[in-house]
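The values are calculated or read from the model by the stated rules, or taken from the named source; none is laboratory data. Everything numeric here is computed off the predicted structure, so don't read it as measured data. Note that each Cβ is placed from the backbone with ideal geometry, even for glycine, and that neighbours are counted across all protein chains shown. We work out accessible area using only protein heavy atoms, side chains counted, and drop any ligands, DNA or RNA first. Shrake-Rupley method; radii C 1.70, N 1.55, O 1.52, S 1.80 Å.
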Amino acid sequence: VEIIFIVEQDGVIKIIQDSILRDTPFLDITDRVLNPFYPGDERGLLGFAVDPDFNKNGYFYVNYVNKDNVSIISRFSSKNLIGDKNSEQNIINVEQPYSNHNGGHLAFGPDGYLYISFGDGGSAGDPEKRSQNLNLLLGKILRIDVSKTLYGIPENNPFYKNQSSYKEEIWHYGLRNVWRFSFDRLTGDMYLGDVGQNNWEEINYQ
């Protein structure tokens, strides 16, 4: 059986099964997702990842901007390839100060941890310097453990149990708006696509 998930920005996830679009969507959370106002709007349902044990537990994760302009990371349950919209368990909420640079991607790495992208909060030039502020989640890649509890911090995160108020979830910082990243299936290397401002786009490599 070949399954393709189609994530639509307005809050619907559809399924193509064996080359046929199913009539019933996998998930419809348009009631809580901000419907993009115009072409190129950077908000809405932006990221989707299935749990490494999805075939057993039915869990999946989404990254979306809600109608109050807050980025939400949540876990849902599913059964028989139908997501339960009422099963939402909220993991992270981050208020977005502007309408752009919401990041939005999330994916499981080869280590089994969930990686989450947040943009710097928007406008231009990171006016409040959030990206370099280790007390904030904006402008960062987060790395969390969802295998045992809903929200755990891996002990080998760089700021785990630090003596400051730095956020222990942070894996990378100083980013502008990583809207997609991926892991090399052979090496586990991480590639991040970061958005430039005027002249350059950027690919970061770990």
Checklist line | Hits in the range 30-58 (condition: open to solvent by less than 40 Å² (accessible area, probe 1.4 Å), assigned to a loop (DSSP other than H, G, I, E, B) and closer than 26 Å to GLY109 by Cα) | finding: ARG43, GLY44, ASP51, GLY58
Item checked: Conditions (1) over 25 Å from ASN156 (Cβ atoms); (2) touching a Leu at 6+ places or on another chain (Cβ under 7 Å); (3) open to solvent by less than 50 Å² (accessible area, probe 1.4 Å); number of the one not met by ASN63 -> (1)
Margin query: Please verify whether PRO25 is closer than 30 Å to GLY122 by Cβ, touching a Leu at 6+ places or on another chain (Cβ under 9 Å), open to solvent by less than 60 Å² (accessible area, probe 1.4 Å) and part of a loop (DSSP other than H, G, I, E, B), treating the condition exactly as stated.
Written below: no
Next item on the list: Go through TYR113, TYR191 for me and flag whichever is out of contact with any Lys or Arg (no Cβ under 7 Å at 6 or more places or on another chain) and either surrounded by 13 or more Cβ atoms within 10 Å (Cβ to Cβ) or modelled with pLDDT under 95 (or both).
Entry: TYR191
Note to self: Out of everything in the range 73-91 that is in contact (Cβ under 8 Å) with a residue 60 or more places away in the chain and part of a strand (DSSP E or B), what residue ends up being most open to solvent (accessible area, probe 1.4 Å)?
What the structure shows: GLN89
Check: Within the range 124-135, can one find any residue that is within 24 Å of ASP31 (Cα to Cα) and either in a loop (DSSP other than H, G, I, E, B) or in contact with a helix residue (DSSP H, G or I) (Cβ under 6 Å, 6 or more places away or on another chain) (or both)?
Finding: no
Check: acidic (Asp, Glu) and touching a residue at least 24 places away in the same chain (Cβ under 8 Å): does that describe ASP120?
Finding: yes
